[in-house]
C-alpha cells in the first residue's frame, strides 16, 4: 500500500455503541488501527496498560505535553486524556486508517491540525433506543442515566461540526457502512493529486507520440 | 424513501469506459436514474429519441432555454446540448440519485446551481490503457485517437475541480466502488440536518422525563 492512511475521528453519545462498532470494524478489516489514548486516571480492574489506555503519571503526561508528543489532550474530572502523536503518524505512514474515539472538543482540535481528518458521529436510530441501551447496561443508576442523557443533549450541539453520521441500528450493517464510508474517502481527488499529476504527464506523452 | 436523491455528475476522458460503467451501475441498482440530455444534433442510425438523447429542433431547444427548463447547456460544433431540469428534479424528489454524464464546463455550472452535487471523475489506471482502449474500439483512425488524447490532456486540467475519482480498471470492482461512494454521501451531516434536529429534541425530552 502506498496510499497514506486517513485519520478518522469517531464520536457519539454515551451508550450509542460506538466502542463495539469500532472493535468489530477493526477485527473484520485488518488495515484499521485503533488509536489508544494516554491518561492519568487510575486503571480499572479489567483494564490493561496499552490496551484500553496508556496509563501515565501526571509527571509523565506533562512531559508528553512539553515535548509536543500529543496531537490533542484535555483535562476531565481532574485527569488528563490525550492522543499520542507517534502511533497515529506511524500508522498513517504505513497506509493504515487510524481511528480515534474522542469527544467534540478533541475532534475540533484534531480537525484544526489535520484538516483532512474525517469526523464521524455515531447516532442512535432514535432517542428511545439510546435511553433503553443505557438502561440495559444494568450497571447505571437512574440518576447516572439521566446525567448521560443531559450530556447527550449538550454533545448534540456539536453534531453539525462533523462530516458524516452513521445510524447505529443493526451492528453488522453499521460496520459495513462505516467501512464503505472510510474507504470511499480514499477516492477524494484531494488525496490523489500525485496520481492526477502522473496521469496528466503520461497522457501528454501519448498524445504527442502516437 | 424520504431521503432526497443526490445529483451525481460524472466526467472522464473519452475512451475511459464511463458510459459502460454507469449503464452497469444503473442496471444493477434500481434506484439510480440516468439523466438524458437534449440536443439539436441529428440522431445517428442506432439512436432513439428519449434513449440516447431527446432530439430537438433549434427552435424547440431555444424555447427550453428561454423557459429556464435546462439546468445547463452548451454549444459544441454548432449543436446545442443541455440537461432538462424537470426530469432531474422529479427523480431527486423521489429519492433517486440522478447521474449526469457531462463535461467539465457543464459540471462546473451544475456545481454552481447545486452546491450539494457530487462531482466524479473516471480515470484510466494509466495512460497506456486509455490509448489502448481508444484503439481497441477499432472505429477510430489514428488521427482521431490522437485528437482524443489531446482532448484528454485539456480535460485533465480540470480534474482538481471534482470531488472524487474512480479508477476504472476492472468493471465489476468499479461499479461497486461508485455505488459505495454515492451511497456514503447520503451519510453527510449536511444532508441529514432534519434528523439531527429531531433526535436532539427527542433526547431533551428523555433527559427531562426519565
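Every read-out reported here was derived from the displayed coordinates using simple, explicitly stated rules and does not represent laboratory data. These numbers were taken from a predicted model, which means no experiment stands behind them. Glycine also receives a Cβ, built like all others from the backbone with ideal geometry; neighbour counts cover every protein chain displayed.
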Of A:185, A:91, A:63, which has the largest mean-square fluctuation in a 10 Å C-alpha GNM of chain A? A:63
Taking a cut-off of 21 Å, what percent of all Cα-Cα pairs in chain B are separated by more than that? 60
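Express the relative contact order of the range B:9-131 as a whole percentage, based on alpha carbon pairs under 8 Å and six or more residues apart in sequence. Working shown, then result.
Numbers: 159 pairs, mean separation 46.7, N = 123.
It comes to 38 percent, rounded to a whole number.
Seen from all sides and averaged, what is the projected area of the convex hull of the Cα atoms in the range B:48-91, in nm²?
Values: hull surface 13.4 nm².
About 3.4 nm², averaged over all directions.
How well do other chains shield peptide A:87-100, expressed as the mean number of their Cβ atoms within 10 Å of each residue Cβ? Walk me through the intermediate numbers first.
Details: counts 0, 0, 0, 0, 0, 0, 0, 0, 0, 0, 0, 0, 0, 0.
Other-chain Cβ atoms within 10 Å of each residue's Cβ, averaged: 0.
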Extension gain, residue B:160 back to residue B:135 (0.36 nm per residue minus Cα-Cα distance, nm): 6.3 nm
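Across the residues of A:163-172, average count of Cβ atoms on other protein chains within 10 Å? Intermediate results must be reported in sequence, preceding the final value.
Numbers: counts 4, 9, 8, 2, 4, 0, 0, 0, 0, 0.
The shielding value for this peptide is 3.
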More than 16 Å apart - percent of Cα-Cα pairs taken over the range A:1-87: 62
For peptide A:185-194, how many partner chain Cβ atoms fall within 10 Å of a residue's Cβ, on average? 5
Expected 222 nm ellipticity per residue - DSSP helices of 4 or more, -39500 (n - 2.57), all of chain A, to 500: -14000 deg cm²/dmol
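Rounded to the nearest angstrom and ordered from largest down, what semi-axes does the equivalent ellipsoid of the range B:81-173 get from its C-alpha gyration tensor (root of 5λ)?
On the way: eigenvalues 162, 46, 40 Å².
Equivalent-ellipsoid dimensions as semi-axes: 28, 15, 14 Å.
Let me have the relative contact order for the range A:52-121, percent, based on Cα pairs under 8 Å that are six or more residues apart. If you can, show how the numbers build up before the last one.
Working: 39 pairs, mean separation 15.3, N = 70.
RCO, the range A:52-121: 22 percent.
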What is the distance, in nm, between label points placed 7 Å from the Cα along the Cα-to-Cβ direction at residue A:48 and at residue B:198? 4.3
Just the number: Rg to Rh for the range A:1-52, Cα atoms, Kirkwood Rh, two decimals. 1.00
Taking residue A:67 in one copy and the same position in all the others, each labelled 7 Å out along Cα→Cβ, what are the pairwise distances from the first, in nm, shortest first? 7.2
Ratio for the protein assembly as shown, C-alpha Rg to 2.2 N^0.38 Å, reads 1.16
For the range A:21-133 (alpha-carbon point model, no solvent) the Debye-based log₁₀ I(q)/I(0) at q = 0.09, 0.12, 0.13, 0.23 Å⁻¹ works out to -0.28, -0.49, -0.58, -1.43
Could you tell me the relative contact order of chain B? Use alpha-carbon pairs under 8 Å, at least six residues apart, and round to a whole percent. 29
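Can you figure out the FRET efficiency of residue B:23 with residue B:89, using R₀ = 22 Å and their beta-carbon distance, to the nearest 0.05?
Numbers: r = 23 Å, r/R0 = 1.04.
Computed FRET efficiency for residue B:23 and residue B:89: 0.45.
As an exercise, use a Förster radius of 56 Å and the Cβ-Cβ distance of residue B:59 and residue B:176 to find the FRET efficiency, rounded to the nearest 0.05. Show your work: numbers first, answer last.
Working: r = 44 Å, r/R0 = 0.79.
With R0 = 56 Å, the Cβ-Cβ based efficiency is 0.80.
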Take the eigenvalues of the Cα gyration tensor for the range A:75-131, scale each by 5, and report the square roots as semi-axes in whole Å, largest first. 25, 17, 11
Where in the range B:43-84 does the amide nitrogen come within less than 19 Å of the point 7 Å from the Cα of residue B:108, taken along Cα to Cβ? B:71-77, B:81-83
Ascending list, in nanometres, of distances separating the residue A:190 label from those of the other copies (7 Å, Cα toward Cβ): 1.1
Calculated label separations, residue A:49, copies of the chain, 7 Å along the beta-carbon direction, nm: 8.1
Candidates B:36, B:110, B:65, ranked by Gaussian network fluctuation over chain B, Cα under 10 Å, top entry: B:65
